[in-house]
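Take a look at the structure set out below.
The values are calculated or read from the model by the stated rules, or taken from the named source; none is laboratory data. This one's a predicted model, so the numbers in the text were calculated from it and none came from an experiment. For neighbour counting, all protein chains shown are included, and Cβ atoms are generated from backbone atoms with ideal geometry for every residue, glycine included.
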Amino acid sequence: MWKLDKYMHDAHAAGHQIGLHTWDHVHMDEVGPSNTLENIEKMNAWLQEAIGVRSSFVRPPYGQCEEECRKSLVRNGYTIVGWALNPLDWIFATDQKVQSSLEIIDSWKGFPREQWYDMV
């Protein structure tokens, strides 16, 4: 998968938690619980083959996972994680917009950029 094996292995070896984001970047609420689980399991199988670990953490694409989705994931042993910050720099992907987002983040007291990168 895009030659990510080494990067995933290095991140895991450095102590980072590896999470799942689905195989096909599906809208979980639109495809339903069984298709969502199939998509997550496909990603987990790749992760197991690539670096020898499985993950129980899922960050839903688009942040969308309503009640039926959440119940299904939890019932199947997954922990759902989200994000606390979305600078939207992926929408406005010009150099100037990205730099502006980084400057705003850098200005936050007690929140150094190094920690922000670890959270993203």
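Identify all residues within the range 1-31 that are in a helix (DSSP H, G or I) and either in contact (Cβ under 8 Å) with a residue 12 or more places away in the chain or touching a Phe, Trp or Tyr at 6+ places or on another chain (Cβ under 6 Å) (or both); write none if there are none. Show your work before the answer.
From the range 1-31, those in a helix (DSSP H, G or I) are 5-13, 28-31; that's our starting set.
Correct list: ASP5, MET8, HIS9, HIS12, MET28, ASP29.
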- Query: For the subset of the range 52-72 comprising residues that are of a type in the set (Gly, Ala, Ser) and not in a loop (DSSP other than H, G, I, E, B), which member is modelled with the lowest pLDDT?
  - Reply: GLY63
- Note on the structure: Checked LEU47, LEU88 against criteria (at positive phi, hydrophobic (A, V, I, L, M, F, W, C) and either under 16 Å from the mean Cα position of the chain (by Cα) or surrounded by 14 or more Cβ atoms within 10 Å (Cβ to Cβ) (or both)); the one match is LEU88
